[in-house]
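The values are calculated or read from the model by the stated rules, or taken from the named source; none is laboratory data. If you're wondering where the values come from, they're calculated on a predicted model, not measured in any experiment. Cβ sites come from the backbone with ideal geometry, for glycine too, and all protein chains shown count toward neighbours. In case anyone asks, the SASA skips ligands and DNA or RNA and just uses the protein heavy atoms, side chains included. Shrake-Rupley method; radii C 1.70, N 1.55, O 1.52, S 1.80 Å.
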Amino acid sequence: MKAKHILLILVAFVFSFNTKAQTAQQILDKVDQLTSAPQDAKQTIRMTLTDRNGHEQVRTAIIWQKDKNKRLIKFTSPAAYKGIGFLSLPNDVMYVYMPAYGKERRIASSVKNQKFAGTDLTYEDLQAKSYKNKYNAKLLSKDADKFVLELTPKERSQYSKAILTVNKDYLPVQVEFYNRGNKKAKVLTFNFVKSGNYWYAKTMTAKDLKTKHSTKMEVLSTKFDTGLSDDIFSVRFMKQ
Amino acid sequence: MKRLTILFFAIFGMIALYAQDSTGLSIGGQLLSNERVLLKKGNPWAWNENRLDLKLQENFSGNAKFYAQVWIRNIGLPQVGQINDLFNKGIVDPINLEIRQAYVQINDFLVKNLDFTAGRQIITWGTADKINPTDNLNPLDLEDVLDFGRRRGADALRFDYYLNNDWYIEAVAEPFFRPANMPVGIYANLFDPAQFITMPQGLTMSSFSSTITLPDNKLSSQFIGGIKLKGFVAGFDFSLSYVYGRDYLPLFKNIDMQVLDAQGNTAVNVDFYYPRHHILGFDFAGNIAGIGVWGEAAAFFPKGAIKFTSILHTYDMTQFPPQPVTYTVDSTLQKKGLPYVKYVLGADYTFPDGIYANFQFVHGFLHERFNGGLNDYYLLRIEKSLFYDKLKIAPISGSFIVTDYKELKDNYTLLYMPQVIYKPNLNTEITLSLGLFGGKGKDIFTSLKDLDLLALSVKYDF
């Protein structure tokens, strides 16, 4: 009888632990499903870079995205940045193109932590990769309005962990990134809106907590499911 | 000629076929003002350049693109020598126009993943920073010595075939040879060939003349071509290349010295030519433990031995009257089939506090040739960005050049060029530079030692 009780307690413990783990993973799956639901998207964005004194710089870019794991960003203004490109492809393959040099460079994994074109986003941040593929998730808390997940990178990363806050609609609200010294280094905040059948981040703000510098990305226009060609997601197109 | 005309119409017929709806002509570019004053008594002007760099681009929906880069410039100061010059606006206020690039590019030309580019274009080969030994398809533009590494566009047909994102093959054909242009203004004398001629004892150069022989005016002589394979292996970008090229700088072929009188005054005439060579190139770029590293090497195989002949016409003074006599000496600079290798090794690193360091070692500068004639250059730049890149200071920036390690104290050049760069907004860049030059020996950069300067440049991108 005693052994049966112990077994029941063990099963209940394992079950409860497993349920909690599954829930975190399920939440992350739902987040991925909602945030990358379109087959493809083309967006015109405005980036506003703000320093600690409130001085602003504005840049514009076009983002093409397809199949959850392909992304191309090309700056369209200001003139000094026009043509700078970033390409993210499956299997951690990333390239950057600087028109002033006329040369593309593949981004080695050891420099994924470098910031892209003066923004507060690193190549790793810009990589087209789902949360599920990037992180293991653990549910830290949940209430009526939100879930809080602790994400730990599956592969070598500039971050030791991230704390993701998800609203009841399974849309990300905020991500706090911790550096390898386990110190909070960067905060991303999102404002999702719905267009037709799809949710997308109308604004996303990245704030570097050390430098107090921030980058706000606003979507000015967006088109979904236009049948973007795979040729767009190539070094060749990035250079054109 | 007929064949070239057919080729011309074939290319532009193809463009018309590919080019359908235009997205409109976009115009961008840069306005640059570049001023330098010498740090000597009276502060004479060393450089005055005002440049409008126009970039025009038009994309067509049928995978075609037109691109042009045009410089409209006012360079130098008025060279007015007589009253009539004042009636000539071209002398009073000289303006020149230069088509740096003008080409049409067609994507998926004939087959998928093949890009075809026709026209004047700058072909960027090599991974090193500004000094690229493997870049032998664009004529050198040595106009401004302090802007070393600058190239002019080449009139070329270029084919890029993309095997995938990491691998592509590039083939270039240039039907016309165009020589390098030399420095101007205060730097005009740096490459003066007369300074490289050692006169026999007792003779003085009283006049100097030269003759340059360009390659024959036929396709087989003028043609330059190259092929490159670019790839990515084990975390490194790399490329292998071959160029069937010509030296863009003229080389001595014959030196003819004519003794004019008993005092030893001698007229010197030099024949120059542009020798052929085969060039094998290799470059790589990557990252080791967060440090960017790159290397680039080119082996030059002269087609035939490179030699020059010295001819001295003098008099045998032991006879009366003195009898004319001619001495001829052949000097071999590079034996047939024996290559000389130029290379660059470099690294850069950004420290966590934002300090950026860039180091390059160069063996063989742009103008140097042949084994024994290649010097070593140690280039270092350390800069720090402040106020979110609004201000950049480079207190250490320059080069140490060694022409002879055995007698270093008499054979070196030091170029020190610290800079302060201020960006009042994203499109404007104001740079204040100091140029301090010193050294001993015969290197051409040593002759900059009397040309210490202060430079101001203002750039505006639009």
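Ranking B:416, B:148, B:231 by how far each Cα lies toward the positive end of the dipole of chain B (charges on Cβ) leaves B:231 at the top. Compared with its chain on its own, the range B:150-174 contains the following residues whose accessible area drops by 10 Å² or more in the full protein assembly (probe 1.4 Å; ligands, DNA and RNA excluded): B:162, B:165, B:166, B:168.
Determine, from the Cβ-Cβ distance of residue B:406 and residue B:40 and an R0 of 41 Å, the FRET efficiency 1/(1 + (r/R0)^6), rounded to the nearest 0.05.
Details: r = 33 Å, r/R0 = 0.81.
Step by step, r from the Cβ atoms, then E = 0.80.
In the complete set of protein chains, residue-level accessible area for residue B:205 is approximately 60 Å², probe 1.4 angstrom. Assuming R0 = 45 Å, can you tell me the calculated FRET efficiency for the pair residue B:386 and residue A:169, based on Cβ-Cβ distance, to the nearest 0.05? The formula returns an efficiency of 0.55 here. Of the Cα atoms belonging to the range B:207-302, the radius of gyration and Dmax stand at 21.5, 70 Å.
Can you tell me the orientation of helix B:2-18 relative to chain B, as the angle in degrees between its alpha-carbon axis and the longest Cα principal axis, to the nearest 10? So the inclination is approximately 30 degrees. Amide H contacts of residue B:113: B:108, each under 5 Å away and 5 or more positions distant or on a separate chain (H built 1.01 Å from N in the peptide plane; Pro and chain starts excluded).
As a test of reading the structure, rank B:208, B:60, B:445 by solvent-accessible area (1.4 Å probe, protein chains only), most first.
My answer, sorted largest first, is B:208, B:60, B:445.
Only protein heavy atoms count here; on that basis, with a 1.4 Å probe, residue B:83 has an accessible area of about 120 Å².
Each of the peptides B:251-264, A:159-172 was scored by the mean count of other Cβ atoms within 10 Å over its residues; in descending order, highest first, they stand as A:159-172, B:251-264.
For the range B:375-462, the residue among B:441, B:399, B:430 whose Cα projects farthest onto the positive side of the dipole built from Cβ charges is B:430. Using a probe of 1.4 angstrom and keeping all protein chains present, the accessible surface of chain A works out to 51 square angstrom per residue. For the set B:40/B:406; A:210/B:130; A:142/A:194; B:342/B:390, the pairs lying more than 31 angstrom apart at their alpha carbons are B:40/B:406; A:210/B:130; B:342/B:390.
Largest first, the residues B:33, B:399 sort by 1.4 Å accessible area into B:33, B:399. Among the residues of A:75-84, the average count of other protein chain beta-carbon atoms within 10 Å of the residue beta-carbon is 4.
Using only atoms on other chains, find how many Cβ atoms lie within 10 Å of each Cβ of peptide A:111-123 and report the average.
Numbers: counts 6, 0, 1, 3, 1, 0, 0, 4, 0, 0, 0, 0, 0.
Counting other chains' Cβ atoms within 10 Å and averaging over A:111-123 gives 1.
Between A:25, B:357, A:73, the Cα set farthest toward the positive side of the dipole of the protein assembly as shown (charges on each charged residue's Cβ, about the Cα centre) is that of A:25.
Do any residues of the range B:386-401 show a loss of at least 30 square angstrom of accessible area between the isolated chain and the full protein assembly, using a 1.4 Å probe, and if so which? Buried-area filter returns B:388, B:390.
Working out 0.36 nm times the residue gap between residue B:276 and residue B:96, then minus their Cα-Cα distance, what length gain in nm do you get to one decimal?
Values: separation 180, 0.36 × 180 = 64.80 nm, distance 3.16 nm.
Stretched out fully, the residue B:276 to residue B:96 stretch lengthens by 61.6 nm.
Overall, the range B:375-462 carries a charge dipole of about 220 debye about its Cα centre when +1 sits on the Cβ of Lys and Arg and -1 on the Cβ of Asp and Glu, all other atoms neutral. Summarised as an ellipsoid, the range B:45-204 has semi-axes of 38, 24, 13 Å, derived from the eigenvalues of the Cα gyration tensor scaled by 5 and square-rooted, with the largest first.
Can you tell me how much longer the chain between residue B:420 and residue B:440 gets when fully stretched, taken as 0.36 nm per residue apart minus their C-alpha distance, in nm with one decimal? Write down the numbers at each step before the final one.
Details: separation 20, 0.36 × 20 = 7.20 nm, distance 2.82 nm.
Value of the extension gain: 4.4 nm.
Take the accessible area of chain A alone and of chain B alone, subtract that of the pair, and you get about 2500 Å² summed over both chains, using a 1.4 Å probe. The fraction of all Cα pairs in the range B:375-462 landing in successive 10 Å bins from 0 to the largest distance is 17, 38, 26, 15, 4, 0, given as whole percents.
What dipole magnitude, in Debye to the nearest 20, does the range A:156-197 give about its Cα centre under +1 on Lys/Arg Cβ and -1 on Asp/Glu Cβ?
On the way: 8 positive and 2 negative charges, 51 e Å.
With Lys and Arg at +1 and Asp and Glu at -1, about 240 debye.
With respect to chain A, whose longest principal axis is taken over its alpha-carbon atoms, helix A:2-35 is tilted by about 20°. Pairs spanning more than 24 Å between alpha-carbon atoms, out of A:202/B:423; B:65/B:459; A:68/A:134: A:202/B:423; B:65/B:459.
When only the Cβ of Lys, Arg, Asp and Glu is charged (+1, +1, -1, -1), the dipole of the range A:2-239 relative to its Cα centre reaches about 500 debye.
What fraction of the DSSP beta bridges in the protein assembly as shown is antiparallel, stated in percent and rounded to the nearest 5?
Working: 268 of 283 bridges.
Here the share of antiparallel DSSP bridges comes out near 95 percent.
Give me the percent of the accessible area of chain A that comes from carbon and sulfur atoms, probe 1.4 Å, all protein chains in place. Exposed carbon and sulfur together represent 53 percent of the surface.
Relative to its residue count, the protein assembly as shown spans a Cα convex hull of 232 Å³ per residue. FRET efficiency for the pair residue B:328 and residue B:188, taken as 1/(1 + (r/R0)^6) with r the Cβ-Cβ distance and R0 = 30 Å, rounds to 0.40.
Sorted from greatest to least, the principal axis extents spanned by the alpha carbons of the range A:93-162 come out as 52, 23, 17 Å. Sorting B:36, A:156 by solvent-accessible area of protein heavy atoms yields A:156, B:36, largest first, with a 1.4 Å probe. Size of chain A from its Cα atoms: along the principal axes, largest to smallest, the extents are 78, 42, 33 Å. Per residue of peptide A:99-110, the mean number of Cβ atoms on other chains within 10 Å of the residue Cβ is 5.
The loop-placed trypsin sites (Lys or Arg not before Pro) in the range B:393-462, going by DSSP, that have at most 14 neighbouring Cβ atoms within 10 Å of their Cβ come out as B:406, B:442. Fully extending the segment from residue A:98 to residue A:113, taken as 0.36 nm per residue of separation minus the present Cα-Cα distance, adds 3.6 nm.
Computed from label points 7 Å out along Cα-Cβ, the spacing between residue B:204 and residue A:26 is 10.2 nm.
Hey, what number do you get for chain A at 222 nm if only DSSP H runs of n ≥ 4 count, each worth -39500 (n - 2.57), divided across all residues, to the nearest 500? That comes out to -6000 deg cm²/dmol. Taking only the C-alpha atoms of chain B, Rg followed by Dmax gives 24.9, 86 Å. Computed with every protein chain present, the accessible area of residue A:58 is close to 70 Å² [probe 1.4 Å]. Placing a pseudo-label 7 Å from each Cα along the Cα-to-Cβ vector at residue A:226 and residue B:353 gives an inter-label distance of 4.8 nm.
Taking a cut-off of 21 Å, what percent of all Cα-Cα pairs in the range B:139-253 are separated by more than that?
Values: 3773 of 6555 pairs.
Of all Cα-Cα distances in the range B:139-253, 58 percent exceed 21 Å.
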